[in-house]
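Visitor: Can you read through this structure? Questions will come right after.
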Amino acid sequence: MEEFPKQTINLIHTDGSQEVKTTNDAISKIPVQFLLKVVPSIPSCTEGLYLPRFLPPTPDNRAQIYTVVGHPVEITIMAEATKSKITELLFSGPYNTFKSTLASGTFALKWTPSNRESGQSHSICFVVQASYSNNLYQSELRCVTVQICQPTHRFAFFLNLILPTTMSLDANKEIIEKRIKDELIKRGLPAHISVGLLKNDSAQDATKAPPSG
């Protein structure tokens, strides 16, 4: 594993000597070693049998989650395997990410971004591991991206609401507000947020036909 500078730098060693490093010069080289364990073939590669299969509300791979500084991000991960036993969740992410087991096959990851991480984005990747005949098998790898914003930032998103023609906005205000709130929470906002619809009288007036004459 080699490390290269993004631009030409003047590297000062501990003995006081200096060395110029360009983008083509490696700053350091570290050998990487790993082991491969070959296990017997699995009876079936169909997800949900021996290999764990993700279930809702597990976020999709490459999902975008938005949060603000100081508010925790909670990711619920659920998986099933009918022929093997789910043993644990393996993950990578920010150093202060905490894992908890909620139930058999159900886990949670929790991370609270700090002020120094404002404006940054961090990836959290995870797999679910299962055991069968003393062999370990893993689910697909999923990664989500967490975008951290300041509390004063606003979030813009598109939400399609399919309503029957007989359903008016005024009569179903609470239902619509709940749909919007659920979508915001799904995208990473804290569960205690409040959502309210404001009636835009000017917009309604604009739809009226102008007076004749």
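Visitor: Put +1 on the Cβ of each Lys and Arg and -1 on the Cβ of each Asp and Glu in the range 53-149; which of TYR66, CYS125, PRO113 then has its Cα farthest toward the positive end of the dipole?
Guide: The listed residue farthest towards the positive side: CYS125.
Visitor: If you find the alpha carbon centre of the range 1-64 and of the range 74-105, how far apart are they in angstrom?
Guide: 22
Visitor: For the range 15-51, list residues with backbone N below 13 Å from a point placed 7 Å from the Cα of GLN138 toward its Cβ?
Guide: 35-37
Visitor: Further question on the same structure: When all alpha-carbon pairs of the range 63-148 are counted, what percent fall beyond 22 Å?
Guide: Taking all Cα-Cα pairs of the range 63-148, the fraction more than 22 Å apart is 31 percent.
Visitor: Taking a point 7 angstrom from the Cα of THR145 along the C-beta vector, which residues in the range 82-114 have backbone N less than 18 Å away?
Guide: The answer is 92-94.
Visitor: I'd like the FRET efficiency for ARG179 and SER131, computed as 1/(1 + (r/R0)^6) with the beta carbon distance as r and R0 of 45 Å, rounded to 0.05.
Guide: Numbers: r = 40 Å, r/R0 = 0.89.
FRET efficiency, ARG179 to SER131: 0.65.
Visitor: Within the set LYS6/LYS99; LYS85/LYS110; LYS29/LYS85, which residue pairs have Cα atoms separated by over 31 Å?
Guide: Distance filter (> 31 Å) returns LYS6/LYS99; LYS29/LYS85.
Visitor: Could you check the simple spin-label distance between SER17 and VAL39, using points 7 Å along Cα→Cβ, in nm with one decimal?
Guide: 4.9
The numbers here are math on the coordinates, done by the rules we state, and not lab data. This is a predicted model, so every value here is computed, not measured. So basically every Cβ, Gly included, is an ideal-geometry build from the backbone, and we count neighbours across all protein chains shown.
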